[in-house]
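The values are calculated or read from the model by the stated rules, or taken from the named source; none is laboratory data. Quantities reported herein were computed from a predicted structural model and do not represent experimental measurements. Note: ideal-geometry Cβ built from the backbone for every residue, glycine included; neighbour counts use all protein chains shown. With ligands, DNA and RNA removed, areas are computed over all heavy atoms of the protein, side chains included. Shrake-Rupley method; radii C 1.70, N 1.55, O 1.52, S 1.80 Å.
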Amino acid sequence: MTLIIGLTGGIGSGKSTFINYVKAKNISVHDSDKVVKNCYKKPPPVFKKYLIKIGLENAIVNKQINKKTISKIIFSNRKTKKNLENFLHKVVKKKRNEFIKYHKKKKSKMIIIDI
């Protein structure tokens, strides 16, 4: 049985310190923030299509995503912000479930989900 531990906390609460400690102990960690960063850094076609669908096409420049453009728009448009968050939450959930499934199959003793 794989023990799954969820880790949450505010800024300065010691999450990064704890994560570095458990990684040093060879405990696998799923980093939700990293999943989102990768979505922006290496945007899959479905993400680009979704950005266009919700009116963020101006944020796609030379096949890359300009996060500054997105932030300007979403902080003045709650509906667009909510739509973007919903999409990204689904991506994170899918990757998290794949991570858990992999480690259960591998029979890892413990994993950490950094949310």
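Expressed as a whole percent, the accessible surface of the chain that belongs to carbon and sulfur atoms is 55, based on a 1.4 Å probe. Under 21 Å of direct C-alpha separation, and excluding same-chain neighbours fewer than eight residues apart, residue 67 reaches these lysines: 34, 37, 41, 42, 48, 49, 53, 79, 81, 82, 90. In this simple spin-label model, placing a label point 7 Å from the Cα along the Cα-to-Cβ direction at both residue 106 and residue 33 gives a separation of 2.2 nm. Length gained on full extension, residue 93 to residue 77: 3.3 nm, using 0.36 nm per residue less the C-alpha separation. For the chain, the share of DSSP beta bridges that are antiparallel, to the nearest 5, is 20%.
Close amide H contacts of residue 28 (hydrogens built in the peptide plane, cut-off under 5 Å, sequence separation of 5 or more or a different chain): 112.
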